[in-house]
Amino acid sequence: MTTARAERAADRAWPLLAVLGAGLFLVAVDATVLHVALPDLVRQLRPVAAAQVWIVAIYPLTAAPLLLPFGTLGDRYGRRRILVGGYVVFGVASLGCAFAPNVPVLLGFRALLGCGGAMIMPVTMSLLRELFPEQRHRRTAIAVCSGIAGTGSVFGPILGGVVVETWGWRATFLLNPPVILAAVVLALRWLPRNPPGRRPWDALSAGLAAGGVLGIAFAVGQPGSWVVALVTGVAGCVLIGLFLRRQRRTDVPLLDLSLFRLPGVRAAVGGVLLVMSTLVGLGLLFAQYLQVVLGLSPTAAAGRLLLVLGASAVGSVVTPGLLGRFGNARVRTAGFAVAAVSLLVPAAGPAALTSPVLLGCGLAGLGLGMALALTSSTDTLLSATPADRAGGAAAVEKTGYELGAGFGTTLFGSLAAAVYAAHLAVPAGVAEPARRLALSGPAQAETAVSGLSPRLADELLEATRAACTTGLQVSAGVACGLFILATLASSRVSR
């Protein structure tokens, strides 16, 4: 394509990027928006403890296994058709969640919401390959969408807190339909029809992939019985093995495995997993720290976390130029290094965490490093495949996104909870029921002090803040170590 034609195509596509980005942001936000809204939901619907876990978890557990089937369906039957269908499903499911009269109905519509998200995410990213055929423009579009997807997961809990504080938990779902309705109208008006692909769609391969990813997602996303996690994880690996075996033997594979033999692709998938694990896992811990330890309101906490969003936006602007000058591998390595240095701030402990300047620099650096690493990884995957098979590559990237989010929540959430419980010094004189409640988490500790004397309440809250800070400090230290290892490994690959 000539330069002039590429510029004209990009000019037509930029307005549509805003539509695609809005849908992608809602999908990312809904993965974590209920983390803060859950207490208000529990007071109204009164779900049992197991149901509370499923209300949050059923969304990513439904989305993750359907990403590859829907991504490749878009390649075969038309991406506009799948995307608009996903918008409709997502909007209907949002209304269903908002007006759900009981827990079973809410669970059903949350699962349908995950289905809609699985239709939207891979098709949105693969459309970038089609709408922006010129690499320079495509890298800018990828940077924008990667930043939106990454920061949406971090911003979800804070947005949920702000909305719940004003209108209640049902309003977290009522934000979606107006945006989705506008996205449907504009997508039908602006998005070009692409002809159906000629490659057949292998339903058996899609089923094997979905079952395998579901088993693995359930294993890494549920901090429950290790026996159940082991069984589901092994079953998922077996199904993935059968899927890979079928892809090697069939003439027209659902996913071209030669993709993973291309330079940098495996490192890119690992980069997506690491970035999303840290963004979601530590994002929830930072949201908790800002509100429980620093005593900020959800709105004020959202203002602090906007530093991540702002730095990510800056990264979205500068990354395309860096990719053109230095290449994907070097930019990804630089992103890992910036994230590792930024994580030294929360890993340093209370002195750094209580300093607005130091904490702000750490959050901004983390957002910038994540944007560099995530954008370069996504560009590697999407650029490695022809346009007619971009849906499979986008689905691989988004599967890493969902698995990384689930793994990050489990890893860093469990680690922070264990450190918190081990370091919580419950004052003498606190009754056993209140002690057990305080040990279960910082938010529960605020409830546990209701029946205590003012002195004991103050002592318990001070101990809670100290233990919560230690949990965040240790988790940030572990994440910093992982990014240092990723930097070293990525630098070897780039050489």
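The values are calculated or read from the model by the stated rules, or taken from the named source; none is laboratory data. Remember, predicted model here, so these are calculated numbers, not experimental data. Methodologically, a virtual Cβ is constructed for each residue, glycine included, from the backbone with ideal geometry; neighbour enumeration extends over all protein chains shown. With ligands, DNA and RNA removed, areas are computed over all heavy atoms of the protein, side chains included. Shrake-Rupley method; radii C 1.70, N 1.55, O 1.52, S 1.80 Å.
Between the listed residues 287, 45, 229, the Cα displaced farthest toward the positive end of the dipole of the chain, a dipole computed from Cβ unit charges relative to the Cα centre, is found at 229. When peptides 363-372, 230-239, 473-482 are sorted by average Cβ neighbour count within 10 Å, with the highest value leading, the order is 363-372, 473-482, 230-239.
Tell me the carbon and sulfur percent of the accessible area for region 222-295, rounded to whole percent, probe radius 1.4 Å.
On the way: 2300 of 3590 Å².
The value for region 222-295 is 64 percent carbon and sulfur by accessible area.
Excluding residue 159 itself, what net charge comes from residues whose Cβ is under 15 Å from its Cβ, given Lys and Arg +1 and Asp and Glu -1? In short, -1.
With +1 on each Lys and Arg Cβ and -1 on each Asp and Glu Cβ, and nothing else charged, work out how big the dipole of the chain is about its Cα centre, in Debye to the nearest 20. Numbers along the way, then the final one.
Numbers: 37 positive and 20 negative charges, 316 e Å.
Here the chain has a charge dipole of around 1520 debye.
Only protein heavy atoms count here; on that basis, with a 1.4 Å probe, residue 462 has an accessible area of about 110 Å². Taking the C-alpha atoms only, the angle from helix 34-45 to the longest principal axis of the chain is near 60 degrees. Model label sites at residue 14 and residue 246, defined 7 Å from Cα along the beta-carbon direction, differ in position by 4.4 nm.
At each listed q (0.05, 0.08, 0.12 Å⁻¹), what is the log10 of I(q)/I(0) that the Debye formula gives for the chain modelled as equal alpha-carbon point scatterers? Values returned for q = 0.05, 0.08, 0.12 Å⁻¹ are -0.18, -0.47, -1.07.
Relative contact order for the chain: what percent, with Cα pairs under 8 Å and sequence separation of 6 or more? Across the chain, relative contact order equals 20 percent.
Spin-label model, residue 266 to residue 46: label points 7 Å out along the Cα-to-beta-carbon direction sit 5.5 nm apart.
When the solvent-accessible surface of protein heavy atoms is calculated with a 1.4 angstrom probe, in what order do 245, 330, 325, 80 fall, highest first?
Final ranking, largest accessible area leading: 325, 330, 245, 80.
The angle separating the long axis of helix 176-190 from the principal Cα axis of greatest extent in the chain is about 10 degrees.
Its relative contact order, with pairs defined as Cα atoms under 8 Å and 6+ residues apart, puts region 304-421 at 32 percent.
The modelled label-to-label distance between residue 136 and residue 193, using points 7 Å beyond Cα along the C-beta direction, is 3.4 nm. Sequence-distant contacts, meaning Cα pairs under 8 Å at least 6 residues apart, place the relative contact order of region 66-184 at 35 percent.
Can you tell me how much longer the chain between residue 455 and residue 431 gets when fully stretched, taken as 0.36 nm per residue apart minus their C-alpha distance, in nm with one decimal?
7.2 nm
Ranking 489, 383, 400 by Cα position along the charge dipole of region 356-495, where only Lys, Arg, Asp and Glu carry charges on their C-beta atoms, puts 489 farthest toward the positive end.
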